[in-house]
1. Does any residue of segment 169-181 turn out to be polar (S, T, N, Q), touching a residue at least 24 places away in the same chain (Cβ under 8 Å) and within 20 Å of Arg241 (Cβ to Cβ)?
2. Any residue at all in segment 301-317 that's open to solvent by 60 Å² or more (accessible area, probe 1.4 Å) and closer than 20 Å to Asp249 by Cα?
3. Scanning segment 351-393 for residues that are touching a Ser or Thr at 6+ places or on another chain (Cβ under 6 Å) and touching a residue at least 60 places away in the same chain (Cβ under 8 Å), which turns out most open to solvent (accessible area, probe 1.4 Å)?
4. Can you find even one residue in segment 393-405 that is polar (S, T, N, Q), at pLDDT 95 or above, under 27 Å from Gly236 (Cβ atoms) and not assigned by TED's automatic domain parsing to the domain that holds Ala199?
5. Among the numbered criteria (1) open to solvent by 40 Å² or more (accessible area, probe 1.4 Å); (2) among the hydroxyl-bearing types (Ser, Thr, Tyr); (3) farther than 24 Å from Gln332 by Cβ, which one does Ser408 miss?
6. Is there a residue being under 27 Å from Arg414 (Cβ atoms) and of a type in the set (Gly, Ala, Ser) anywhere in segment 316-326?
7. Whether any residue in segment 159-172 is more than 16 Å from ligand 2 (Cβ to nearest atom) and farther than 16 Å from Leu34 by Cβ is what I want to check.
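The values are calculated or read from the model by the stated rules, or taken from the named source; none is laboratory data. All values derive from a computational prediction rather than experimental measurement. Here the Cβ positions follow ideal geometry from the backbone for every residue, glycine too, while neighbour counts run over all protein chains shown. In case anyone asks, the SASA skips ligands and DNA or RNA and just uses the protein heavy atoms, side chains included. Shrake-Rupley method; radii C 1.70, N 1.55, O 1.52, S 1.80 Å.
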Amino acid sequence: MSMRPQAKEHDKSYYVYTYGCQMNVRDSEVIRGLLEGCGYHAASSPEEASLIVFNTCSVRHSAENKVYGKLGEITALRRKDPDKLIAFGGCMAQLPEVRQKLKKHNVDIIFGTLNIHELPGLIRRAEEGQHPVVQVWDKAGSIIEPLPSKRSGGYSAFVNIMFGCNNFCSYCIVPYTRGRERSREARDIIKEIRELAQAGYKEVTLLGQNVNSYGRGLDEPIDFPDLLNMVSEVDGIERIRFTTSHPKDLSDKLIDTMADNPKVCEHIHVAMQSGSNRILKLMNRGYTREHYLERTMALRQRIPGVAISTDIIVGFPGESEQDFLDTLDMVQKVRFDSAFTFMYSPRTGTKAAEMEDQLPVEVKRSRLHQLTQLQYAIALEINRGLEGKYEEVLVEGPSKTDPSKLTSRSRTNRIIIFSGPDDIAGQIIRVKITEARTFSLFGEIA
Ligand code: SAH
Ligand code: SF4
Ligand code: F3S
């Protein structure tokens, strides 16, 4: 154990790196809230910060690589400034083999996804000179309510409705990094959303790895559509989104609620993963391509203009050319509004990593290329069909790519860019679509 000098109260500042999904974006808001509660303020750069926090993702090898790359830069920075503390948390920190590797990076604090609330105490120990401070839980405790948080701002907020996952898809590390599925009490969720509305938020996105199983294990009999209806009663919240929906649990009740509740946006993210029944089975997904097609057709029939987005993996172990063609066929049949497409990446500890017939990277790369080309063409066709039409958008603020314009989101989760006065940020207005691109649309105030 080595000692390091204590940082002076006035120069305690933090910088947070966030990788991965919306869960991590939300966790980083909690991390910031906790840090501010123990006397830290936001630094404008990692160079200035006395504490650097990594909130990491281990869903694919490439995600882990990005983290190691940045960690290398930051440890080099610390050589010039040895008083800097480095804290490492998130999904990677849950994995024993990662913690092993971290020894050589000499990080000061390691914390997991299941004990973020302990961060202030861990930091105090590190400030007092303990090194390293390692505290990672391997099982989830009870949900801690409420935790402080410093939100990223804007008019749209993420709200956790459940944590963890029980599905154990054979390729996926998430059940190992986030623990078993547990739902938050509806009253705690509603309380948080009321506070968000009072703070001026107009839109909430409800987060869970499989929101369709919300309510399982709670004493109160409640399901996800019930929760959507409760959230819609909060005054000031005008739009409700959620992510993600597992196809096996996508009920008629949810489809009806989306169709009938005007605050629930016409967008759903339903990960398909593969269009081949053989591969879906090996993935342990619990549905067939026929079921997936039937559910998405039901969505389209019941909810006019609904946008359906998805996740697809290519190159799962043993995926044949025919299996891959089945995926392309499904992409053509469903006509996704957008899709996140990935090359399969073996994750230590998952079933699929042990399967025979792992495919060469060239095969994966070529399939990914074919799939994305097809999907981009479909997305562009769909977007072109919107030219001349009107969309209701929530104005977010200046566009990152062109700050002279405003960026906004349609109810169907499309990015729409247009010219207008800065002071309409946060308003819900109508725009007319003038030009379509693959990933965004251009419009004018109607
Ligand atoms: N719970 C969400 C998915 C969360 S992970 C759901 O089931 O809808 C986000 C996406 O990463 C997954 O949908 C999957 O497409 C992809 N993914 C997960 N593990 C992967 C792996 N080992 N290799 C490649 N992609 C993976
Ligand atoms: Fe991973 Fe499957 Fe759970 Fe999604 S549902 S987080 S893909 S195990
Ligand atoms: Fe999310 Fe990555 Fe963890 S996708 S749940 S941050 S492994």
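1. Initially, segment 169-181 is screened for residues polar (S, T, N, Q), giving 170, 177.
If we keep only those that are touching a residue at least 24 places away in the same chain (Cβ under 8 Å) too, we end up with 170, 177.
From the residues that got through so far, the ones that are within 20 Å of Arg241 (Cβ to Cβ) too are none.
No, because not a single residue in segment 169-181 is polar (S, T, N, Q), touching a residue at least 24 places away in the same chain (Cβ under 8 Å) and within 20 Å of Arg241 (Cβ to Cβ).
2. yes
3. Out of the qualifying residues, it is Lys351.
4. Yes, segment 393-405 has at least one match.
5. Unmet for Ser408, out of (1) open to solvent by 40 Å² or more (accessible area, probe 1.4 Å); (2) among the hydroxyl-bearing types (Ser, Thr, Tyr); (3) farther than 24 Å from Gln332 by Cβ: (1).
6. No, segment 316-326 contains no residue that is under 27 Å from Arg414 (Cβ atoms) and of a type in the set (Gly, Ala, Ser).
7. Scanning segment 159-172 turns up at least one residue that is more than 16 Å from ligand 2 (Cβ to nearest atom) and farther than 16 Å from Leu34 by Cβ.
Quick grid of which residues meet (1) outside the structural domain of Tyr171 (by TED's automatic domain parsing); (2) open to solvent by less than 40 Å² (accessible area, probe 1.4 Å); (3) of a type outside the set (S, T, N, Q); (4) on the phi < 0 side of the Ramachandran plot:
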residue: Val30; (1), (2), (3), (4): yes, yes, yes, yes
residue: Gly33; (1), (2), (3), (4): yes, yes, yes, yes
residue: Asn55; (1), (2), (3), (4): yes, yes, no, yes
residue: Arg60; (1), (2), (3), (4): yes, no, yes, yes
residue: Met92; (1), (2), (3), (4): yes, yes, yes, yes
residue: Glu97; (1), (2), (3), (4): yes, no, yes, yes
residue: Ile110; (1), (2), (3), (4): yes, yes, yes, yes
residue: Ile116; (1), (2), (3), (4): yes, yes, yes, yes
residue: Ala126; (1), (2), (3), (4): yes, yes, yes, yes
